[in-house]
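A quick write-up on the structure given underneath.
Bear in mind these aren't lab numbers, they're just calculated from the coordinates by the rules spelled out. Please read these numbers as outputs of a predicted model, since none were measured by experiment. No Cβ is skipped: glycine too gets one built from the backbone with ideal geometry, and neighbour counts run over all protein chains shown.
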Amino acid sequence: MPVPQFRETQQFRQTRLRVLLAIPPVAMSLLCVWQVVLGHPWGQHPMSNGGVLGWTIFLWLIYLRLITVRLVTEVRANEVRVSMRGLWRARRIPVADIRSAAAVTFDPIRDFGGYGVRSTNRGTAYLAGGNRGVRLELANGSRVTIGSQQPEDLAQAIGKRAQ
């Protein structure tokens, strides 16, 4: 497998998101302590201790999976590959389909409705954090915005391939 000419991996660093995602497993952990450790059944028809313990473990595994998702961008000889590692497959954009690539500054909330994979009337966006990236204009008229901490380098790597 050829080595990419450009590769960037970004983490989602929104503390508020991590706190909100932690609420269900933390609440289930408290319920687990209340029912399994202290011996106080929760509700009129309590779940079995095994069920409470199983759901607690399951929710923590889901939480850990979600907080380890990464946005990975690679520029290869004939394609730009963007993926949310840990959630779904990579999107491959053939270099031949790219008309232009430019470093841009944007407002992730106003322009795309937040971080993650977003589809709006402004195009599709892959955003992990920050407000900078590269906007690709494709041959079919669609636009793709890729968030980057190194937008100039990414745009230059794509530009070299698209020539």
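Just a few scattered comments:
- Rounded to the nearest 10 degrees, the angle from helix 15-32 to the longest Cα principal axis of the chain is 20 degrees.
- Neighbour counting of Cβ atoms within 10 Å sorts the residues 82, 104, fewest neighbours leading, into 104, 82.
- Between helix 49-67 and the chain there is an angle of about 20 degrees, using the helix long axis and the longest principal axis of the Cα atoms.
- Likely footprinting exposure, 61, 17, fewest C-beta neighbours within 10 Å first: 61, 17
- The chain - Debye-derived log10 I(q)/I(0), Cα point model, q = 0.14, 0.18, 0.20 Å⁻¹: -0.73, -1.02, -1.20
- Considering the range 1-83, its Cα convex hull presents a mean projected area of 8.0 nm².
- Computed from the Cα positions only, the extents of the range 71-162 along the three principal axes stand at 31, 26, 25 Å, in decreasing order.
- Separation between Cα centres of the range 19-55 and the range 95-155, rounded to whole Å: 42 Å
- Modelled label positions at residue 29 and residue 5, each set 7 Å beyond Cα in the direction of Cβ, lie 4.6 nm from each other.
- Sequence of 145, 105, 9 once ranked by neighbouring C-beta atoms within 10 Å, starting from the fewest: 105, 9, 145
- Counting only alpha carbon atoms, the long axis of helix 151-162 and the longest principal axis of the chain meet at about 50°.
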